[in-house]
Structure formats: C-alpha cells, structure tokens
1. If you check THR435 against the conditions, is it touching a Pro at 6+ places or on another chain (Cβ under 7 Å), among the hydroxyl-bearing types (Ser, Thr, Tyr) and either farther than 15 Å from LYS369 by Cβ or surrounded by 17 or more Cβ atoms within 10 Å (Cβ to Cβ) (or both)?
2. Suppose the filter is surrounded by 16 or more Cβ atoms within 10 Å (Cβ to Cβ), assigned to a strand (DSSP E or B) and out of contact with any Leu (no Cβ under 7 Å at 6 or more places or on another chain); does ALA230 pass it?
3. Name the single residue that is farthest from the ligand (Cβ to nearest atom) among those in segment 280-315 being assigned to a helix (DSSP H, G or I) and open to solvent by less than 20 Å² (accessible area, probe 1.4 Å).
4. Can you give me the ranges of the strands (runs of 3 or more DSSP E) entirely in segment 52-170 with at least 2 residues that are of a type in the set (A, V, I, L, M)?
5. Among the listed residues ALA76, ALA104, ALA30, ALA51, identify the single one that is free of Cβ contacts under 8 Å to residues at least 60 places away in the same chain and either among the β-branched types (Val, Ile, Thr) or crowded, with 16+ Cβ neighbours inside 10 Å (or both).
6. Looking only at segment 135-147, decide whether some residue is open to solvent by 20 Å² or more (accessible area, probe 1.4 Å), in contact with a helix residue (DSSP H, G or I) (Cβ under 8 Å, 6 or more places away or on another chain) and away from the ligand (no atom under 16 Å from the Cβ).
7. Tell me, please, whether a residue that is within 16 Å of the ligand (Cβ to nearest atom), in a loop (DSSP other than H, G, I, E, B) and aliphatic (A, V, I, L, M) can be found in segment 204-220.
8. So, VAL224, is that one free of Cβ contacts under 8 Å to residues at least 60 places away in the same chain, open to solvent by less than 20 Å² (accessible area, probe 1.4 Å), closer than 19 Å to MET52 by Cα and within 16 Å of the ligand (Cβ to nearest atom) or not?
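The values are calculated or read from the model by the stated rules, or taken from the named source; none is laboratory data. Only a predicted model underlies this, so the values are computations on that prediction, with no experimental measurement involved. Here the Cβ positions follow ideal geometry from the backbone for every residue, glycine too, while neighbour counts run over all protein chains shown. Only protein heavy atoms, including side chains, enter the accessible area calculation; ligands, DNA and RNA are left aside. Shrake-Rupley method; radii C 1.70, N 1.55, O 1.52, S 1.80 Å.
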Amino acid sequence: MTRFDAIVVGAGQAGPSLAVRLGAAGRKVAIIERHLVGGTCVNTGCTPTKAMVASAYAAHLAGRAGEYGVDVGSVAVDMARVSARANTIAGNSRRSNEDWLEGADKVTLLRGHARFEGPDTLRVGDDLLTAPHIFLNVGGRASVPDFPGVDKIDYLTNSTILQLDRLPARLVVIGGSYIGLEFAQIFQRLGSQVVVVEKGSRIVSREDEEISAAIQTILEEDGVRFRLDAECISFETRGTDIAARVTCASGEPDELGTHVLLAVGRRPNTDDLGLDKAGLETDARGYITVDDELRTNVPGIWALGDCNGRGAFTHTAYNDYEIVAANLLDGDTRRLTDRFPVYGLYTDPPLGRVGMSEAQVRADGRRYKVASLPMARVGRAKEKGETKGLMKVIVDAKTDAILGAAILGVGGDEAVHGLLYAMQGKVTADTIRCTTPIHPTVAEFFPTLMGSLKDPE
Ligand SMILES: Cc1cc2nc3c(=O)[nH]c(=O)nc-3n(C[C@H](O)[C@H](O)[C@H](O)COP(=O)(O)OP(=O)(O)OC[C@H]3O[C@@H](n4cnc5c(N)ncnc54)[C@H](O)[C@@H]3O)c2cc1C
C-alpha cells in the first residue's frame, strides 16, 4: 500500500491543475490516468474539433474567395492532412501537459485504470494506493444507445471520426445537438454530403426557437440536410452502405450513408470505478452527486468536471478545480452556484451563449424585456462578408439586469464575453447602452441592442 496525501483520478481538465497546485502546497500527490493525458478536450474534443473547424472554414472561405475579389482556382481538400493537422495540434498539447505533470514538484503520474477498494483506497493494476483526500476527474464518453441494429454496423464516435484519413462520401450524423452540428458542418464543408437525423422537432432544443431555426438555416445554406422528428431510429447494412431508418412511417425514405456518426450525448465514466466500495452516490444517470463545493457524500472525496453532471465543458471543469483549490488551500468559500452558464457552439458563424434563454426566463415567471437584431446590421460583419445570424439579449424589466444573451454571428464566441463580465459585475443594460465601444467590432453593437429592448410580444 503506497500512501499519498492526495490522489487525483483522471488527467482531464481539472485533475492536472489540482495535482500541481496540491504538490506546490507541499502535498505528496498521485495522479492516475488510464488513457491519454489531457482527457477528452485535448485529445478527442475541443482541440482537434476546433482545429478541424478551422480547416473547414479555410475550405469554405477559399470557395467564396471570388466574392472578395480574390481568385484561388479550384479548391481541393486533403483529408489526411486535415486530420494530421488536428492530431498534431492535439498531440502537442497532450505532450506539453505530460511534461508539465511529470516535472511538477511532489506529483507522481501513474498510468492505469483506478478503481475503489474502499473510501480511501484505490487499486491501479497490482498496486494499492491510499490517501485521506481523493479527487475524481474521470470525465465521460460518447453514449451509444441501443438503437436496433447499432451493434451490427461500424459507427463512428467523436473519437474515431478524428482518425479518418479519407473523407466520408455520405455521412449520416445521428443527433442535432452541439457535437453533432459541429461535425456536420465540418464534414459538409470539407466535401462530404451530410444529413443530420434528430429525434426532436428542432435542433439544439435547449436554445430559443429562433436560434435553433437560424442555425438550421445556416447549415442548410452550406448544404447540410436535416431529418427532424426521427422518432424511430434503427440501422442495417445495405451493400457497402449503412441504412439509417429514421421514421416508423412506411414509405418514408431511409438515409443511406457510407458512414454514421453517433452524436447522441455523453455518459460519465463512473460505471467502472467501484463507487459502491467507497459508498459514493450518483444520480440516476450515473453522475456523482456533489454539493456546492464539489464534495461528494463521502467525506474526503470530491468529484470535478463532467463526471459530476454540473457542467459539460472544459471551462466548467477548470472552474471546478479553482473552487476546490481555493476552498481547500486558500480558506476561500467559492461555490458552484456563483458561476453563470456560458458556452459556445463552434459552427461557423459560432453561437456564444450566456445565462438564461428567453424560454427559461418566461418559465421563471419574470417580467422581462427582449431585443433581437440581425447580424446583417453589424458593420464589422458586413465588412468581413459574414452577416449570417442574429444577436439577442433578455433583460429583467424591473432591475435592468442582463439575464441572458445569444450571439449567433461572426465573432459571437468572443463578443459574448462582454456580456458575461457585465453579468458577473452586475452591470445593467442601460450602462452598456451608454458605453462607447471600439469601431468596427461586433461588440460595438451591444449599446444599440440594449437601446432596442422591448416588452416581449
Ligand atoms: C467532440 C467534442 C467537442 C468538445 N468541444 C468543446 C469545446 O469546444 N469547449 C468546451 O468547453 N468543451 C468542449 N467539449 C467538452 C469537453 O471536452 C469536456 O467538458 C471536458 O473535457 C471535461 O473535462 P473533464 O476533466 O471533466 O473530463 P475528461 O476530459 O473526459 O478527462 C477525464 C480523464 O479521466 C480518465 N479516466 C476516466 N476513468 C478513469 C479511471 N477509472 N482511472 C484512471 N483514469 C480515468 C480518462 O481517460 C480521461 O483522460 C467537447 C467535447 C466533445 C466530445
């Protein structure tokens, strides 16, 4: 039995920073990783996908070059080089994470699968490790629902699709949410014919209807097709193709693809951790239950990142680390409930989202004002020749506090931060209306947006 002051399970987006911080504070730390240091984000999530978004954007812009008065000749995509570029960027990031962890004071990086033997003991292969403090950062993986026939086909996930060095001729994407839409646009722009199959009546149903509709239109203009209300999904191989049955209604055509990507949600990596041996509680979907400071029901064990179900992003995992480190090492009282929901959808143009949607505000029963203006009015967007999308803000009618915003447009993922900082700092809509921003930018339109707030229809 090897004793440590702290054990971190999983080297994703919270674990490494926490291990290094604890080591720097003089604690003897083990961090255990069963696969790739950097976890999902670095290896099969944010980093490679955003690298591919950039390749897809380059292909798309090259195709539009004539609109800018630039002749480039014909555009050809070399998928092997697109994949290699994404994997090189991810690999460099992984190696720099590994070097950082391996060089950190008092931190030991162990390779292997960790499983509880008791509330303060973990087994990694033949080794037993014990510590009074254990931090779980085990993340999640793609869900594979038991659609009829799914076990008979070679489907892709967010991990395996990154290994393709030939472009799929016809790609069927199952799932019209964030991950599915990013891949749909990437592959359509690189040259595949893409159809998105979504069981709901609209894509990204967490967003307001006008945002879902605008994103669908943007992707359709790129050539992506949509099959909504797909209440009856099943698969079978047909020659060299895979047939995706979309509806139970007879006569409706199946979608035939050379490849199928399953992008129907994520599940936490908690089923193979031996949670019962530690007495750890989860919710019905397997997410480890935590309090406002990320403590589990077992004293001495914390759960951070995707595995606690309180965020599904790299920035939320990293913020979990900040909360735990500040409370444990700095005597602070930082809490989960202090953070505003904020995220991006990296289609082109991207969606930057902060706070509540209009539907959530309405369901909350608050009196509110709303403004929604097209990106076509934004000077910067016109100059760049990228005018698709809209910006929308929802403001409390009584206090003038900003409740939420959606910036779907060029630079929307960056510009939304102006509103995030305003919300965190309790800056009112009227203060923004009276501020002088830089011209020409996307965010310079925020005062105009605040000046056009109205009662909802
Ligand atoms: C395609 C895709 C695109 C994404 N794009 C974005 C984006 O643009 N922006 C964003 O903010 N988020 C994005 N995300 C989400 C983001 O990747 C995750 O929210 C983030 O990686 C969560 O970090 P984590 O540390 O909780 O878990 P992970 O990054 O999943 O890391 C968990 C680690 O724990 C290890 N592990 C698990 N079980 C054990 C065990 N028993 N023993 C030892 N090791 C174990 C795993 O191997 C893994 O390395 C994307 C996700 C996907 C799938």
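1. yes
2. Against the criterion (surrounded by 16 or more Cβ atoms within 10 Å (Cβ to Cβ), assigned to a strand (DSSP E or B) and out of contact with any Leu (no Cβ under 7 Å at 6 or more places or on another chain)), ALA230 does not qualify.
3. Among those residues, the one meeting the criterion is ASN308.
4. Answer list for segment 52-170: 107-111, 121-124, 127-130, 133-136.
5. ALA51 is the lone residue from the list that is free of Cβ contacts under 8 Å to residues at least 60 places away in the same chain and either among the β-branched types (Val, Ile, Thr) or crowded, with 16+ Cβ neighbours inside 10 Å (or both).
6. The answer is no; no qualifying residue exists.
7. Within segment 204-220, one or more residues are within 16 Å of the ligand (Cβ to nearest atom), in a loop (DSSP other than H, G, I, E, B) and aliphatic (A, V, I, L, M).
8. no
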